[in-house]
Amino acid sequence: MILDIEVESSGLKEDAGEASKPALSNVGSGYHLCEKFSSKPELWQEVEALTNSLRFNSFEPEAVFLREMFGYLSQEVQHKLLLMTADRSEDTMDHCRLLLLLLQRFPQSVSVHGPKLLETLMTAEKHSHYQNSVNCYRKLLGE
């Protein structure tokens, strides 16, 4: 809804399932939109749909459209949006998956966010009750 408002105000149409680069140039301020409306659950539902489209690489028209839209955002906005989304996540595994997505898209940030990801996974594993050495936390490291 909130992202729809920003997209509609930029004149973007989802015709033929393709994002229009000129129309999306106005969406580059999406990060500021996230800051402004950060307390709105509707925004985070839309951001979750966006990050899911990035994580799962579905060929559904909406997911393809969201990935294209994300691609038109500046690298700085993409990075900040993924980081904000990971930081907001209350689920440890989801937080780690989002950080991993951030590191995959921005390998230059490994030195900044990699140690935190490893620390979070090690702490979560330590507090879990898994008996074997192959668990969801170690599997995530293998991705």
Scanning region 82-126 for residues that are open to solvent by 10 Å² or more (accessible area, probe 1.4 Å) and touching a Cys at 6+ places or on another chain (Cβ under 7 Å), the one farthest from Ser53 (Cα to Cα) turns out to be Thr120
Being assigned to a loop (DSSP other than H, G, I, E, B) and touching a residue at least 24 places away in the same chain (Cβ under 8 Å) is the filter here, so list the residues in region 57-76 that pass it. Leu73, Ser74
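The values are calculated or read from the model by the stated rules, or taken from the named source; none is laboratory data. Just so we're clear, the structure is a prediction, and the values are computed from it rather than from any experiment. With ideal geometry, Cβ positions are generated from the backbone for all residues, glycine too; neighbour counts draw on all protein chains shown. For the accessible areas, the whole protein counts, side chains as well, though only heavy atoms, and no ligand, DNA or RNA atoms are used. Shrake-Rupley method; radii C 1.70, N 1.55, O 1.52, S 1.80 Å.
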